[in-house]
Amino acid sequence: MKAVKLVSLTKQYTRNTGIFNVNVAFEEGLYHVVLGPSGAGKSTLLRVIAGLEEQTSGDLCINNIKMNDAPPYKRPVSLVFQEPVLFPHLRVIDNILFPLEAKGVRKDEATSKAEKIARLLHIGELLDRMPDELSGGERQRVSIARALITEPLIVLLDEPYSNLDLSLRENLRWEIRSILKNMGITVIHVTHDQDEALELADEIHILYNGRLVDSGPTQRVYRKPRTVKAARVLAHNIVDIDGQCLIIPIDGFSLDSTRCERVMPSKLVETRNRRGYMLAVYEFQGNLLRVAIPKESSPPKKADLCLVNFTELPCSKDS
Amino acid sequence: MSNGLTSGLKRFQLKASIAGLFTVFFLYYLPVLNGLKDAFKTRLFLYILNNPVISHSLKFTVEQATLSVILSILVGVPAGLVLTGLGYRASRWIRTILFTVFMAPSMVVVMGFTSLYGENGILSSRMHLFSRLGEGFTGILAAHVFYNAPLIAIMVYNSVASIPREYWDLISSAASLSSRTVWRRVLLPYMAPGIASGSLLAFIYCFMSFAIPLNLGGPRFSTLEVNIYMYYKILQNDRIAASIALLQYIILLSIIAVMIKVSSEAPHAPLTVIAKARTPRSARLLSLSYITIFLLYLIAPLVGSLYYSFYNPITGTYTISYYRHVLSAIYDPRLGIPPINVLFNSLYYAFMTVIISLGISTLLSIGWSRINEVLVVSLLAISPITLGLGLLRTIPPQIPVWIPIILAHTFAGLPLALRSIRLGLERVSRKYIEASFSLGENLWGTLFRVAIPISRQSYIIAAAFASAISLGEFSATLFLRTVKTTTLAVAIYQYRSLRMFGEAYAASGVLLLLTLITIYIITRLEGVNSSESR
């Protein structure tokens, strides 16, 4: 079943800003990541689904019900913002209870739910504090608890971890993903971070200049992007050979050229250290190729790069 | 509240705005139009223009307002400039005093002037020259300067303090610049709009002045506002009263149109305080002497009236018997009710004024637009007596009189309460509104559970403004009241008319204390707000 379906959805701010003619269905119960560079329209997409922006044209269905004109407070979605927006005049517990009070849930029932969700997110000790007494990570945990307390059908996450430091971000995002998956909630998470997208997503949807340029299961989108723009967002190598584009992920090469269908004789230009691997930059017929190499091996100065994972697309199609 | 979230929110803002505008129109513009309807006859209007008493009153009203404004500028501009050269703490204290004087109830000021410059006044009994400040034309001018020079000083201070710091750095680095050039090229362009809008506001206040000419002026020096009161209440000629009110309304509306134009060009309020000006020692001494005399002029009447509230000049002893009297629950035949009821009336009206002001201000602020602004600023052209006249002629006699009194008090407090609430709600970040919506709260819930609590300080300030103005309101209350609805301000007038000066001073002391409490709240919270915005 489709939890959210967008049909020819457009939200236009100016001629070139907004989102344009987006057609996508977000399958129920999956963790969806919308990936795109800054200004691609990711947040706009979430805001339209949440009802904070009205679409210029097209349809939006949530659980097969058209919600084009529904105000945000009548949509079965919860939005978690990039910056945790906790109400400054309310204690943590009152912030978490806020949506239940809006729905008129009985106080004792609401409090018990709040305590349960607080335990789940490891913020049980913080319930009596004011928002300004919390760290960044704690604030985001509270805002997620608040979004989850009503057990919404859909949770929208707008780059929720981008303001956190790396180690906290990596731990928290996986922890929250597990909680959301266990609760069976459909998640639409927008980010510009490819690592985050690849780690978390069941399905990836790529936005580029306000247009959806690819959409599908994570591995398929990563290995075989359907457009050159999607490949560009994924930071894949793009080699133009007579109008035909070879799309090669950075881990799509092998240095072992024996029994290789396609070989690219290349020269090493430079190497860069990355977490977990080394990035070697090779030059092939005027193209710079970025190749992930295991840390323990040293990249040869001259190599016959073997393409083990690539796809071919006509360059002119959408570039 | 933020704009443009969804069409639902826009509709909500529009509905709130229409409700607010309708309330203002229904409660204020409609009664005023009804009150003035007789005056729209050309013959009647020509009659009052040719009436020597009224033309004299018009001439006097314009003269005293013009002279008062000129004197206020002459006194207030140097005070404002001296303030900018003081340290932040000193200037903040002095600005609080100036604000207190500006907010002081008119009858408290009348009693203050009486205590110093009136018959047997502290200063006039020692030097007869001072008695000229306690009565007649000079008395009116002195009291108007007392009120309006602080206003001008604050506006000058704000204008100069808004000059970017880089300008001062530039001036100090360019040694060749003469002080005349600095004055002409920097100070004056910044100060001029502030002085202009401050002067227009002062002119409006002086033009509509009622309590001061009524108490200090006497029959020879009565403003148009006093004449409306006299024609309606004493001579019982409501048609002439309405015609004078219309004449006054037209003049004030023209001034306000100019004021709207001028204020749109005025610089914004300061965010930073300029550095201490480097002035020679002698000039600094002169500045400090000037500001000290200015402050003495402002504080002395308030202290004088407090002094006389504890002093019995006949026995030459100190006493609290006047306070005992004004707080007594025993029926007073001269007031027609127990004096404590006067205090209760004032507090009750202030409370109701706060509730209604906050409600109307919230509605108007949610959907704030240019139309709201024009309509609300135009309210300044309606004098309290004109409104009182309209309410008396519109509201059926079976309606209890405390209702129009509260409406008149709300009217007086609305501009300041509205300003505070509007700024408070505008400061509520859009992100909180969006978060509330996305968490399932509807429009009203978001207003009451998020926007208002977050801007609660602005609401407290608005409430303090509304209550301070209600407590001190004199003109419309005197016009509308019955024996049972007498307030502290009116009681002071009655005691003074009956020459019960001790009781008048004590009632004035109670009113001053209540006003000081509200001013304390305003200045404390305004400080917090401004530091937050910084």
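Assorted remarks:
- Exactly one residue among B:380, B:443 is within 14 Å of chain A (Cβ to nearest Cβ), in contact (Cβ under 8 Å) with a residue 24 or more places away in the chain and surrounded by 17 or more Cβ atoms within 10 Å (Cβ to Cβ), and that residue is B:443.
- Looking only at the range B:416-440, and only at residues there that are within 18 Å of residue B:364 (Cβ to Cβ) and surrounded by fewer than 22 Cβ atoms within 10 Å (Cβ to Cβ), the one that is nearest to the other protein chains (Cβ to nearest Cβ): B:428
- As for the range A:107-117, it holds no residue that is outside any loop (DSSP other than H, G, I, E, B), within 10 Å of chain B (Cβ to nearest Cβ) and among the polar types (S, T, N, Q).
- Residue tally, condition of a type in the set (A, V, I, L, M, F, W, C), away from chain B (no Cβ under 14 Å) and either assigned to a loop (DSSP other than H, G, I, E, B) or out of contact with any Phe, Trp or Tyr (no Cβ under 7 Å at 6 or more places or on another chain) (or both), over the range A:155-175: 4
- Hits in the range A:236-250 - residues which are surrounded by fewer than 15 Cβ atoms within 10 Å (Cβ to Cβ) and outside any strand (DSSP E or B): A:242, A:243
Residue-wise test of (1) crowded, with 22+ Cβ neighbours inside 10 Å; (2) over 19 Å from the mean Cα position of the chain (by Cα).
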position	(1), (2)
A:71	no, yes
A:86	yes, yes
A:109	no, yes
A:135	no, yes
A:141	yes, no
A:147	yes, no
A:178	no, no
A:181	no, no
A:188	yes, no
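- The residues of the range A:201-227 that are surrounded by fewer than 23 Cβ atoms within 10 Å (Cβ to Cβ), in contact with a Ser or Thr (Cβ under 9 Å, 6 or more places away or on another chain) and part of a helix (DSSP H, G or I) amount to a single one, A:223.
- Matching entry among B:232, B:167 (being buried (at least 19 other Cβ atoms within 10 Å of the Cβ) and either modelled with pLDDT of 85 or more or in a helix (DSSP H, G or I) (or both)): B:232
Residues are listed down the side, and each one gets a yes or a no for (1) of a type in the set (Lys, Arg); (2) closer than 30 Å to residue B:307 by Cα; (3) over 24 Å from the mean Cα position of the chain (by Cα):
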{"site": "B:25", "(1), (2), (3)": "no, no, no"}
{"site": "B:54", "(1), (2), (3)": "no, no, yes"}
{"site": "B:68", "(1), (2), (3)": "no, yes, no"}
{"site": "B:72", "(1), (2), (3)": "no, yes, no"}
{"site": "B:76", "(1), (2), (3)": "no, yes, no"}
{"site": "B:99", "(1), (2), (3)": "no, yes, no"}
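- Single residue of A:23, A:64 found to be over 15 Å from the mean Cα position of the chain (by Cα) and within 15 Å of residue A:210 (Cα to Cα): A:23
- Residue within the range B:354-367 that is more than 29 Å from residue B:462 (Cα to Cα) and without any contact (Cβ under 8 Å) to a residue 24 or more places away in the chain present: no
- Against the criterion of being aromatic (Phe, Trp, Tyr), modelled with pLDDT of 90 or more, under 16 Å from the mean Cα position of the chain (by Cα) and at negative phi, residue B:474 qualifies.
- From the options A:45, A:97, residue that is touching a helix residue (DSSP H, G or I) at 6+ places or on another chain (Cβ under 7 Å), more than 8 Å from chain B (Cβ to nearest Cβ) and either over 28 Å from residue B:11 (Cβ atoms) or among the aliphatic types (A, V, I, L, M) (or both): A:97
- Residue tally, condition more than 23 Å from the chain's Cα centre (by Cα), farther than 19 Å from residue B:315 by Cβ and in contact (Cβ under 8 Å) with a residue 60 or more places away in the chain, over the range B:496-507: 1
- Single unsatisfied condition, residue A:187 versus (1) touching a residue at least 40 places away in the same chain (Cβ under 8 Å); (2) assigned to a helix (DSSP H, G or I): (2)
- Residue list for the range B:49-101, restricted to those being free of Cβ contacts under 8 Å to residues at least 40 places away in the same chain and of a type in the set (Ser, Thr, Tyr): B:55
- Residue within the range B:454-462 that is over 28 Å from the mean Cα position of the chain (by Cα), modelled with pLDDT of 90 or more and either over 28 Å from residue B:337 (Cα atoms) or outside the structural domain of residue B:359 (by TED's automatic domain parsing) (or both) present: no
- Hey, residue A:143 small (Gly, Ala, Ser), in contact (Cβ under 8 Å) with a residue 12 or more places away in the chain and over 22 Å from residue A:120 (Cα atoms) or not: no
- Any hit, the range B:11-22, residues being without any contact (Cβ under 8 Å) to a residue 60 or more places away in the chain, within 14 Å of chain A (Cβ to nearest Cβ) and over 25 Å from residue B:388 (Cβ atoms): yes
- Residue match in the range B:85-95 (condition: in a helix (DSSP H, G or I), at pLDDT 90 or above and either under 19 Å from the mean Cα position of the chain (by Cα) or outside the structural domain of residue B:218 (by TED's automatic domain parsing) (or both)): yes
The values are calculated or read from the model by the stated rules, or taken from the named source; none is laboratory data. Since this is a predicted model, take the numbers as computed values, not measurements. Note that each Cβ is placed from the backbone with ideal geometry, even for glycine, and that neighbours are counted across all protein chains shown.
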